[in-house]
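A.B. asks: The structure under discussion is supplied below as structure tokens; questions concerning it will follow.
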Amino acid sequence: MSSIDLIIMGFKNLWRRKARTFLTILGVIIGTSSIVIMLSLGIAMNESFKKELSRMGSINIINVYAQEDRFGYEEEGQKKVEQKNVILDDKALVSFRNMNGVEAVSPLLEQYLTVKSGKYQVNIPVRGIDTQNMAAFDYKVQAGRLLSASDTSAIVFGAHVNEEFYNPKSRRRTDSEEIKVDLMTADLRLMSEGGYNGPAKQQGKKLRPFKVKGVGILTEGNYETDWGAYMNINALKDFMEKQKKSQPKPQDPKERRRQKEKEKGYQQAMVKIKDIDQVKTVK
């Protein structure tokens, strides 16, 4: 019997048992479809999880924060004892750089400031960073460039900063009011949040605006960077120093000492690890 005869006989037998054939084919289709759907869902959930993680920042970066004032208690008598701060300074950053597996280290200062363009302004966190290490920490721009070591008045903005500008003289911003500020070409001024600085406002002292130039817009997709800005850490230090001089000194000696301790170091440091497998060890 030839192969053609066998095929014809097979089809005849399948046709003779129509119900059984239909149910068998249906079972195969359902089983195969279920496997394809489950695999597709698994791959989609995995990609979605990776995307959400990337929006929170690189998982190869460890954020180290300055230790705040702490209070402990003695075992006997429950006496309150102030403990000494551990300062996050240049010496600490050097020790981080010397650890095995560390690719780059950058200090970070943050200050909420006002960026003004004509009659519009926006209040955002401005972060001072070591400009030489921006690329190492995966900062990417969709327009312009990253900061360089020679920049003293340059600033790089997050992707959504230009959406937050408003007119402070207007009572409220309506949905129909479209405010467009080209951060790369606009004449920008940097000042303390709201144009004043807390106690300085009560004394009628207004800080002199600091002229800055937008040189880049960061790539969209990171919660931390989309609504903030970055500038040279030394330039931000100078601005914060001038800001401090406009404020009255604290009357409480303990508060003055605490403020002086904070000024010795940085608020935060970022440590980039070469290999994800070394993150736990370095941390």
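A.B. asks: Going by the conditions given, is ILE179 at pLDDT below 90, surrounded by fewer than 12 Cβ atoms within 10 Å (Cβ to Cβ) and β-branched (Val, Ile, Thr)?
C.D. replies: no
A.B. asks: Sticking with this structure for a sec: Which ranges mark the strands (runs of 3 or more DSSP E) fully within the range 58-129 that have 1 or more residues being at pLDDT below 95, loosely packed, with under 11 Cβ neighbours inside 10 Å and at negative phi?
C.D. replies: The strands (runs of 3 or more DSSP E) meeting that bar are 70-73, 80-83.
A.B. asks: Has the range 194-206 got any residue that is modelled with pLDDT of 90 or more and not acidic (Asp, Glu)? Working first, answer last.
C.D. replies: In the first step, residues of the range 194-206 are kept if they are modelled with pLDDT of 90 or more; the result is none.
Checked against the condition, which is being modelled with pLDDT of 90 or more and not acidic (Asp, Glu), the range 194-206 yields no hits at all.
A.B. asks: What number of residues within the range 85-129 are free of Cβ contacts under 8 Å to residues at least 60 places away in the same chain and not polar (S, T, N, Q)?
C.D. replies: Residues meeting the conditions: 7.
A.B. asks: Say whether the condition of being surrounded by 10 or more Cβ atoms within 10 Å (Cβ to Cβ), of a type outside the set (A, V, I, L, M) and within 32 Å of the chain's Cα centre (by Cα) is met by at least one residue in the range 36-44.
C.D. replies: Taking every residue of the range 36-44 in turn, at least one turns out to be surrounded by 10 or more Cβ atoms within 10 Å (Cβ to Cβ), of a type outside the set (A, V, I, L, M) and within 32 Å of the chain's Cα centre (by Cα).
The values are calculated or read from the model by the stated rules, or taken from the named source; none is laboratory data. Everything numeric here is computed off the predicted structure, so don't read it as measured data. Glycine also receives a Cβ, built like all others from the backbone with ideal geometry; neighbour counts cover every protein chain displayed.
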